[in-house]
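Each reported figure results from applying straightforward, stated rules to the coordinates on display, with no laboratory input. Worth saying up front: this structure is predicted, and the values here are computed from it rather than measured. Here the Cβ positions follow ideal geometry from the backbone for every residue, glycine too, while neighbour counts run over all protein chains shown.
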Amino acid sequence: MKKPIVFSLVHEQSMFMTAIMSLLTFLSVLALGVALSIGTGVMRWNSQWELFATVQVMDSGKSAATRKIIADNADKIDQATEITTEQMTELMSPWISGGGVLKNYLPQMWEIRFKSKSDMDAVGEQLSKNARFLTHATALKTSTRAGWQMILMSSLILTLTLGAIGLCISYIARNIALLHRRELEILNQIGASDNFVAHQMQIIVGKICIIAAGIGFLAAAPVLLLILSAAHSARVGLMAMMGLSGMGWLTLLLLPVAIVVFSIWITRRTTLKILQNT
């Protein structure tokens, strides 16, 4: 029996598809890597400060009562540090001049680290009657919210990129079928099934996507490492907490594999739809 004719991409098509899939894989890995890094930073950020709180006494007449509450709850407090007026003046000196006048308006402050969340809630309720009780998690909520917003934007970019991959693969498969219409007719005449033709298309697209996914991942990994290095070097707030764990890198490694599988599935679905309509 004569062997069925198997068609393939011409050189220009192959180069174009490899280039576009490499770029889209690069963007996908980068977007997911940034989202995972920021997510790790947010979790580290929250866990670092979740047991910390600041107590601010604006009325000096309530200072003794506040100090007594802190002393009475020493068993619930891991560490309590009173911030002196000199320390506050030094911290605020870059923004406010006239240190002598400033001392008259500075509150009396303690920075407290509690042993548990329940301890912080119980003592905080007592302290709030005489002073302003502000947890660090509440004070840093703006930074945390910004982190989640960046994760959302990275996830949106990832979703759009995956959608672009689906559209590109669908268009390329449709274009290949139109260019090789004669070969498809011959395959049908010799009894080749639609599944056989779709399988041939999957092999062609799969080989190209595997190469492109590898190129995209290898290009994205150094960029991610550079971003993380720059964030750590900045040593500023949430940025310094960004990072990728072993599980994060494994997830990034699995993303190109998922893109290849997704591309093969799109190719089969598009090819069968074209064959059924011809």
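Calculated FRET efficiency, LEU250 to GLN189, Cβ-Cβ distance, R0 = 35 Å: about 0.15 to the nearest 0.05.
With a Förster radius of 35 Å applied to the C-beta separation of LYS129 and GLN149, the computed FRET efficiency comes to 0.50. Would you tally the net charge around GLU82, using a Cβ to Cβ cut-off of less than 9 Å, leaving GLU82 out, and scoring K and R as +1, D and E as -1? Here the count lands on 0. Label reach from MET15 (point 7 Å along Cα→C-beta): in region 208-225, amide nitrogens under 17 Å belong to 208, 212. Using a cut-off of 23 Å between Cα atoms, the listed pairs LYS115/LYS141; LYS117/LYS141; LYS68/LYS129; LYS62/LYS115 include LYS62/LYS115 as exceeding that distance.
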